[in-house]
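What follows is a set of notes on a single structure, which appears directly below.
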Amino acid sequence: MKQLEKFNQNYKVQVHIPIQWGDMDAFNHVNNVMYFKYFESVRIAYFERVGIMKSHSDTTGAPILAETTCRYKLPLNFPDSILVGTKVIENHSHGFLMEYAIYSNKLKKITTIGTGRIVLLNYKTHEKIKVNSSLLKKIEELQK
C-alpha cells in the first residue's frame, strides 16, 4: 500500500483506466503505443484541471506535445486496471515538462515512468506563446 500512497501524494491528477484485451500485442503484454495513449489521457485531464483547454479554445494557440519519453519498468497485462498520474516537474518560458507514472492495481507497483515536453504554440504564426502567470499559479496550486 505504500507505493499507492506515495503515488497519490506525488500525482494529484490521475485517471483510472481498465486495461482492455485489445491493448495487448502478440507477446501478451500491453503494446508500447498504448502507454502513450494512457499518457495522453492524463495529460488532457491535467490541462482541463488547470483550464488550459478552455483558455486556448477560443484563441489561435494551444498546448502542443513537443517531445515524449517512456521507461517501461514492468509489463502490463490483461486483466488489470491502472492509475495514470501526472505532474509538472519543470516550468519554462513557453511551456513545461510533465512527468507521468502508471500504477498497476494488480501488481501494486509503479510499472512505467514517462515525460512530456509541452509547448504553447500559436497555430496561425507557428510561434511559441509565453506561459502566463495565471497558468503558472494554477499549476502551483494544483500540485500543493
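Nothing in this text is a laboratory measurement; each read-out follows from the coordinates by a stated rule. All figures in this text were calculated on a predicted structure; none of them were measured in a lab. When we count neighbours, we look across all protein chains shown, and the Cβ atoms used for this are built from the backbone with ideal geometry, even at glycine.
Data overview
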read-out: Inter-residue pairs, beta-carbon under 8 Å, first aromatic (Phe, Trp, Tyr) and in the stretch 20-31, second assigned to a loop (DSSP other than H, G, I, E, B), 6+ apart; value: TRP21/PHE78
read-out: For VAL131: the one exception among (1) outside any loop (DSSP other than H, G, I, E, B); (2) of a type in the set (A, V, I, L, M, F, W, C); (3) over 26 Å from LYS6 (Cβ atoms); value: (1)
